[in-house]
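Undergrad: Dropping the structure in here first, questions after.
The values are calculated or read from the model by the stated rules, or taken from the named source; none is laboratory data. Since this is a predicted model, take the numbers as computed values, not measurements. Heads up, the Cβs are rebuilt from the backbone with ideal geometry, glycines too, and the neighbour counts pull from every protein chain shown.
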Amino acid sequence: MQVFTMEIIPVIDLMRGQVVQARFGNRQDYQAIASQLCSSSEPIAVIEALLELYPFSTIYIADIDAILGNDADFEQIVTLAERFQNITFWVDCGIKQMNHRALHYQQNIRPVIGSENMPNLTSYKAVSYGCASRHVLSLDFKNEMPLGTTELFDTAKYWPDDVICMTLNRVGSNTGADLAQIHTLQQLNAARKIPSRLFAAGGVRNIADCHTLKSQGLNGVLIASALHQKQITTADLTDFYRHIL
């Protein structure tokens with residue numbers, strides 16, 4: 001398995017069985033995606049189009065229905081993981097308790113714990129224990145406000161190996177990543193004996209933004225709109241990885 005010093009991770013938002021376009025974190029308003037990579041909003045077609053763009057090794061899936069507290073799409077996500085077994089899927093499905101079904105997904109699925117779903121540190125500790133160290137932590141922000149239990153934003157003591165700085169109001173905004181918020185988390189991370197790998201999510205516009213985040217010491221970035229709008233091309237990705245592997 002290749003080890004990247006900076007990884008670009010495509011994002012797929014699932015809602016009512018189709019891929020939707022995320023905008024500003026206003027999930028109830030998401031509509032079927034209009035991608036320049038393919039004409040379909042069907043998940044398998046979208047993933048195949050992304051893999052034609054570049055052979056990504058990780059894909060992030062947000063089950064919007066589950067996050068909103070509606071019927072989750074577990075079966076579809078499992079089907080995708082079985083079909084694309086060479087892909088590691090990071091899956092956010094609104095996990096709130098340690099017996100959540102997502103904690104028992106198959107090997108190439110890693111559960112994402114969103115801070116917005118953690119009302120207190122006790123809840124987070126219980127859920128993270130249930131994940132058996134396989135989880136990714138998403139530190140969620142909206143309009144510069146942290147969402148969820150404050151302890152996760154005050155210290156990196158409880159962070160796992162992989163942590164996302166998720167700026168929801170910048171998702172699909174084409175305004176650039178929140179570098180100030182990222183820097184704050186990096187300062188907390190520096191206090192860890194073994195620092196977590198930090199990923200940025202929300203607002204990335206083009207490959208230049210990816211280079212900027214790499215220069216800031218980020219380990220990865222989650223992207224959707226810039227890929228589907230062809231603001232990042234196969235040539236961009238090939239050149240980017242050529243210089244960091």
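Undergrad: Taking the options Asn99, Asn86, name whichever one is at pLDDT 80 or above and over 13 Å from Asp13 (Cα atoms). Reasoning before the result, please.
TA: Values: Asn99 fails: at pLDDT 80 or above.
Testing whether each residue is at pLDDT 80 or above and over 13 Å from Asp13 (Cα atoms) leaves just Asn86.
Undergrad: Against the condition in contact with an Asp or Glu (Cβ under 6 Å, 6 or more places away or on another chain) and modelled with pLDDT of 90 or more, how does Leu121 come out, does it pass?
TA: Here the answer is yes, as Leu121 does meet what is asked.
This table checks each residue for (1) more than 13 Å from Met6 (Cα to Cα); (2) assigned to a helix (DSSP H, G or I); (3) in contact (Cβ under 8 Å) with a residue 24 or more places away in the chain.
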{"position": "Gly172", "(1), (2), (3)": "yes, no, yes"}
{"position": "Gln181", "(1), (2), (3)": "yes, yes, yes"}
{"position": "Lys193", "(1), (2), (3)": "yes, no, no"}
{"position": "Arg205", "(1), (2), (3)": "yes, no, yes"}
{"position": "His211", "(1), (2), (3)": "no, yes, yes"}
{"position": "Gly217", "(1), (2), (3)": "no, no, yes"}
{"position": "Leu222", "(1), (2), (3)": "no, no, yes"}
{"position": "Leu237", "(1), (2), (3)": "no, yes, yes"}
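Undergrad: Report the residue count in segment 160-213 for those that are within 14 Å of the chain's Cα centre (by Cα) and closer than 22 Å to Arg23 by Cβ.
TA: Qualifying residue count for the region: 15.
Undergrad: Scan Thr184, Thr149 and give me the residue that is farther than 20 Å from Ala226 by Cα, hydroxyl-bearing (Ser, Thr, Tyr) and in contact with a Pro (Cβ under 7 Å, 6 or more places away or on another chain).
TA: Testing whether each residue is farther than 20 Å from Ala226 by Cα, hydroxyl-bearing (Ser, Thr, Tyr) and in contact with a Pro (Cβ under 7 Å, 6 or more places away or on another chain) leaves just Thr149.
Undergrad: If we keep just the residues of segment 157-187 that are out of contact with any strand residue (DSSP E or B) (no Cβ under 7 Å at 6 or more places or on another chain) and more than 19 Å from Lys142 (Cβ to Cβ), which is surrounded by the most Cβ atoms within 10 Å (Cβ to Cβ)?
TA: Tyr158
Undergrad: How do the helices (runs of 4 or more DSSP H) wholly within segment 34-145 filter down when requiring 1 or more residues that are closer than 26 Å to Phe240 by Cα and of a type outside the set (A, V, I, L, M, F, W, C): which remain?
TA: 43-53
Undergrad: If you scan segment 127-146, which residues turn out to be crowded, with 16+ Cβ neighbours inside 10 Å, of a type in the set (Gly, Ala, Ser), out of contact with any Pro (no Cβ under 8 Å at 6 or more places or on another chain) and over 15 Å from Tyr60 (Cα atoms)?
TA: Hit for segment 127-146 is Gly130, nothing else.
Undergrad: In segment 55-88, which residues are of a type in the set (Phe, Trp, Tyr) and over 20 Å from Gln21 (Cβ atoms)?
TA: Once the filter is applied, which keeps residues that are of a type in the set (Phe, Trp, Tyr) and over 20 Å from Gln21 (Cβ atoms), segment 55-88 yields Phe74, Phe84.
For every residue, the table says whether it meets (1) acidic (Asp, Glu); (2) closer than 13 Å to Leu80 by Cβ; (3) at pLDDT below 95; (4) out of contact with any Leu (no Cβ under 9 Å at 6 or more places or on another chain).
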position	(1), (2), (3), (4)
Pro10	no, yes, no, no
Arg23	no, no, yes, yes
Ser35	no, no, yes, no
Ala49	no, no, no, no
Asp65	yes, no, yes, no
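Undergrad: Can I ask one more? Does Ala200 fit the bill of being surrounded by 16 or more Cβ atoms within 10 Å (Cβ to Cβ), at pLDDT 95 or above and either in a strand (DSSP E or B) or small (Gly, Ala, Ser) (or both)? Working first, answer last.
TA: On the way: surrounded by 16 or more Cβ atoms within 10 Å (Cβ to Cβ): yes; at pLDDT 95 or above: yes; either in a strand (DSSP E or B) or small (Gly, Ala, Ser) (or both): yes.
For Ala200, the condition - surrounded by 16 or more Cβ atoms within 10 Å (Cβ to Cβ), at pLDDT 95 or above and either in a strand (DSSP E or B) or small (Gly, Ala, Ser) (or both) - is met.
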